[in-house]
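Heads up, the thing below is written out as structure tokens.
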Amino acid sequence: VQLQASGGGLVAAGGSLRLSCAPSGIPGSIRTMGWYRQAPEKQRELVATITRDGITNYADSVKGRFTISRTNAWTTVYLQMDSLKPEDTAVYYCSAALGFTTYWGQGTLVTVSS
């Protein structure tokens with residue numbers, strides 16, 4: 001099972017980045033995919049999720065700035081991040097949930113400079 005995340009990098013405050021996640025080797029039907037993030041010395045937190053029916057959910061801190069989307073066949077999940085703030089700096093992780101099992105990607109670092 002692999003969740004290959006990409007698109008992280010260094011951006012100035014107010015800028016944009018788009019993260020991508022391509023799942024492979026998933027042994028079943030994906031129910032939900034999402035993005036989580038973990039800042040230094042903080043716990044991992046939910047950023048956004050999207051179900052196979054296209055229902056989305058966002059953390060209050062990113063509503064109106066981030067958009068999660070996916071291709072119909074779950075080949076790629078995207079996280080469009082606009083109006084980035086320094087507090088968005090974190091390692092962003094992609095996840096895929098199947099029934100009671102959740103798979104995690106390796107993470108991609110997003111750094112927002114002030």
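Starting from the coordinates of the alpha-carbon atoms of region 1-41, obtain the Kirkwood hydrodynamic radius over all distinct pairs and give the value in Å to one decimal. Mean inverse Cα-Cα distance, inverted, gives 12.7 Å. With protein chains left intact and a 1.4 Å probe, residues in the chain average 53 Å² of accessible area per residue. The chain: D in µm²/s via Stokes-Einstein (Kirkwood Rh, Cα pairs, 20 °C, 1.002 mPa s)? Taking Rh from Cα pairs, D becomes 153 µm²/s.
Computed 3J(HN,Hα) for region 47-61, one whole-Hz value per residue from the Karplus formula 6.51 cos²θ - 1.76 cosθ + 1.60 where θ = phi - 60°, is 9, 6, 9, 9, 8, 5, 8, x, 7, 10, 9, 10, 5, 4, 5, glycine and proline marked x. Across the chain, the relative contact order, built from alpha-carbon pairs under 8 Å that are at least six residues apart, equals 36 percent.
The values are calculated or read from the model by the stated rules, or taken from the named source; none is laboratory data. Note that the coordinates shown come from a computational prediction; the quantities given were computed from them, not determined experimentally. Side chains included, ligands, DNA and RNA excluded: accessible areas come from the protein's heavy atoms. Shrake-Rupley method; radii C 1.70, N 1.55, O 1.52, S 1.80 Å.
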